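A short worksheet on the structure shown next.
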Amino acid sequence: MATLQFDIDGQKVEKAAGVKPAELTHIPEDALAVWVNGQVRDLNRPLNEGGQLQFLTFSDSAGRHVFRHSSAHLLAQAVKRLWPEAKLGTGPALEDGFYYDIWLPEPLTEGDLPRIEEAMREIVKENLGIERLELSREEALELFANRGESFKQEIIARIPEGAIISAYRQGDFVDLCSGPHLPRTGLIGALKLTQVSGAYWRGDEKNPMMTRIYGTSFPDQESLQRHLIQIEEAKLRDHRKLGAQLDLFSFHEEAPGFAFWQPKGHQLYRLLEDFSRRLQADRGYQEVATPWIFRVGLWHRSGHWDHYRDNLFLIEREDEQQGVKPMNCPGHCLMFRESTRSYRDLPWRLAEYSPLSRYERSGALHGLMRVRGFHQDDAHLFVRPDQIREEMFGVLDLVDIVYRTFDMPYEVVLSTRPDDYMGELALWDRAERELEEVLKARGLKYQINPKDGAFYGPKLDVYAVDSLGRRWQCATVQLDFQMPEKFELEYVDQDGSPKRPVMIHRAIMGSLERFLGILVEHYAGAFPLWLAPVQVRILPITDKQHDYARSIAGQLRRRGIRVEVDERNQKIGYKIREAQVAKVPEMLVVGGRDEAGRTVSLRTREDGDLGAKPLEEYLIAIVDRARVPGLAD
Ligand SMILES: [Zn+2]
Ligand SMILES: [Zn+2]
């Protein structure tokens, strides 16, 4: 029998062909699936080729995906036990759970969920083995016809000739599925069905209406409870609700998908933009501004017409079509072409914050998270191939500073060459190798999504984790070997010959609108001092202290501190509560004694009453505390 060589976490292992990953001695106790040469596989599926092998647990997103998808099968099995006439549609995993679309003679309601959960728990207790079957088309059609699964027969008919057809069996239940799956139902330690809705089969209203059942699952009860509490907390922190409550932004029917920034929200927005601007200026970026409407010829040339047309806002004037820009890259390419560039001029780093528009269906719009008008901390780096490594290092440095500043841990995913790639193979290989080297050199935890890169270059996606443990894809760094081709960009190399630069598209926070929405929820509206739209609110106890309060405000403003005076004729307790609700970080209560002694009584949002401080001392201390982090002075 042939022997196979495996590389498991850097260890070389030799095994006979046909070995199951579950049989390897290196398997961690909590393994759910395994990554073999870039493919996620079942622990019980025999291996017939050697190579890179990595076990996946619930802490890997690919591992969670297998767990949740297996939970969807569990749900389907439970429904079939309760309603044998049910017909199965499809049941994918979601970021935080799963759903299954099932046809039933009578649609289900939320009231049915506890009963289904009970049946699911029963199957978990039975700890059924989950087994993969590979079938011929005829066998598959017969199997699902016998089970009355007409939707599955429809799916089988659409599977291309020659493709492997597989199904997964657990006890009396079989589902058509390419997998992979958990080895046993008993691993699904905790589950909760959350919601029921209707969905047309394959999204087409001419098709039958299915019942869509949503749920989530975890290895243990404690993690599930934590997750459910987080969902409740997330509802309280909804950025649309807090945005209105804190007077940050609003939306109007007259301009769907575009935010109206109230003074405080706009302050916040500008702080983010300035933060980015200062970080980038320190690192050799040059800011430019380019037009926002272009003749469609440009979108044809850039390829956006073919791939992005449905998201372009088009305008017709003088019998000519023009489009509002969804991104800055083509404009930057035009600028690159304006003059002859030498190898010494590279890297050329262009930053731009101008408005961008992308058409999104009205139904898809969601507060600041999904808009039609937005701005990015966007930049394009035009580099020589030998500069990719160093520039990527610099970009990841920026990522690190930004996410550390906001107290957000982050994870990086590297997407590599797809089968339909374009460009030179040698350049791809080099770029992918160097990207991995840079990630390792920075000590970053990263995951590889093999073959998931764009056809024009590999990319890094950064997922920031917020204070509720939710993952948000924010930064992207995309290498591009194609756009420089399309725009015929060249630089003169050391030997005098013309060469193509490589383009790096990168955004660190991404859409500033969306990032701000994420920050509102991450901080629950209680922004850190440096970022708070109003940093200090002065609360005079009576109107006799108004002049003193105004003079303190003037001194704070001259020192760059954002301050308000609450001159309303209200009791001091009321003013303090209001400032607390507005989440102002620092409050200065000033009464007659404060004025006489040139002091302020300091209260902070987090620590409450800190007592009287000499005014001069406070002025020095607040400037120090309010400093923007991460910036050199
Ligand atoms: Zn499946
Ligand atoms: Zn770009």
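Taken together, the values in this text are just the output of simple stated rules run on the coordinates, not laboratory data. Bear in mind that the values here come from a model prediction, so they are computed numbers and not experimental data. Here Cβ is always computed from backbone atoms with ideal geometry, including for glycine, and neighbour counts include all displayed protein chains.
Checking the Cα-Cα distances for LYS20/LYS152; LYS15/LYS445; LYS12/LYS440 against a 26 Å cut-off, the pairs over it are LYS20/LYS152; LYS15/LYS445.
Given a Förster distance of 51 angstrom, what is the FRET efficiency for ASP204 paired with ASP247, based on the Cβ-Cβ distance and rounded to 0.05?
Computed FRET efficiency for ASP204 and ASP247 comes out at 0.70.
To the nearest 0.05, what FRET efficiency results for LEU314 and ALA596 with a Förster distance of 60 Å applied to their C-beta separation? Efficiency at R0 = 60 Å is approximately 0.35. The simple spin-label model puts a point 7 Å past each Cα toward its Cβ; for ALA621 and VAL492 those points are separated by 6.2 nm. Gain on full extension, evaluated as 0.36 nm per residue between SER223 and LYS571 minus their Cα-Cα distance, stands at 120.7 nm.
Taking 14 Å as the straight-line reach from the Cα of LYS486, the aspartates and glutamates in range (excluding those fewer than 8 positions away in the same chain) are ASP306. Normalised Debye scattering of the chain at q = 0.06, 0.07, 0.10 Å⁻¹ gives log10 I(q)/I(0) of -0.44, -0.60, -1.12, counting only Cα atoms as equal scatterers and leaving out solvent.
How far is the Cα center of the stretch 402-434 from the Cα center of the stretch 585-633, in Å? Their Cα centres are 46 Å away from one another.
Based on the Cβ-Cβ distance of HIS546 and SER339, what FRET efficiency does E = 1/(1 + (r/R0)^6) give at R0 = 51 Å, to the nearest 0.05? Rounded to the nearest 0.05, the efficiency is 0.30. Estimated at 0.36 nm per residue, the fully extended path between GLU117 and LEU82 surpasses their Cα-Cα distance by 11.5 nm.
Annotation: for a label point projected 7 angstrom from Cα along Cα→Cβ of GLN321, residues of the stretch 269-303 with backbone N closer than 19 Å are 292-303. Length available on full extension from TYR359 to ARG442: 0.36 nm per residue minus the Cα-Cα distance, which gives 26.2 nm.
For the stretch 556-580 and the stretch 89-155, write down the distance between their C-alpha centroids in whole Å. Here the two parts' Cα centres lie 59 Å apart. How much net charge surrounds VAL534 when only other residues with a Cβ under 13 Å from its Cβ are counted (Lys, Arg +1; Asp, Glu -1)? In short, +1. Under the convention that each Lys and Arg Cβ holds +1 and each Asp and Glu Cβ holds -1, the size of the dipole of the chain around its Cα centre is about 1480 debye. Placing a pseudo-label 7 Å from each Cα along the Cα-to-Cβ vector at LEU104 and GLU578 gives an inter-label distance of 5.3 nm.
The stretch 264-343 and the stretch 183-223 have their alpha-carbon centroids 41 Å apart.
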